[in-house]
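Read the structure below first, then the notes.
The values are calculated or read from the model by the stated rules, or taken from the named source; none is laboratory data. Treat the numbers as computed from the prediction; the structure is a model and nothing was measured. Cβ placement follows ideal geometry from the backbone for every residue including glycine, while neighbour counts extend to all protein chains displayed.
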Amino acid sequence: MAQFFREPDRRQRFLLPVDMMEWLPGDDIVHLIIDAVALMDLSRFEATCRIGGAGQAPFSPRMLLSLLIYAYSHGVRSSRAIERLCRRDAGYRFIVSATNAPPFAGSAG
C-alpha cells in the first residue's frame, strides 16, 4: 500500500507530445476537416487578403475555415468561445498550431 500521493509536476517542460500529430487519434474528425478544406479552392477568399502591407500577416483563410467548421461541428458558435478553446482544447490547438490562436474579432463570422 502506497504511503504517499502522486502529485502532478506542473513545471515539467512538455505536457503534450512535441509532435502535434500525436495530440489526437488518427480517426479524429479534425483530420478529416483539415484534409477536406485543403481540397477546396479558396483562391477568391485569399485574393481579398492584403499581404505584405503594414501590420501583422492575416490569418490563413484555410485555417479560419477549418476552425469554424470544427467549432460548428461541436456546436460552438460563439467567437469568444472559439478563441478560448483555441487556447485549451487539443483539437482547436491542432488547427491553429497551438501558438497561433486568432483573437475573437478575427474569428467572428
Find all pairs meeting these conditions: Cβ atoms under 6 angstrom apart; at least six residues apart or on different chains; first residue within the range 60-82 and more than 15 Å from PRO103 (Cα to Cα) and touching a residue at least 60 places away in the same chain (Cβ under 8 Å); second residue crowded, with 18+ Cβ neighbours inside 10 Å and among the hydroxyl-bearing types (Ser, Thr, Tyr). none
Taking helices (runs of 4 or more DSSP H) that fall entirely within the range 18-104, which contain at least 1 residues that are modelled with pLDDT under 85 and of a type in the set (D, E, K, R)? 43-47
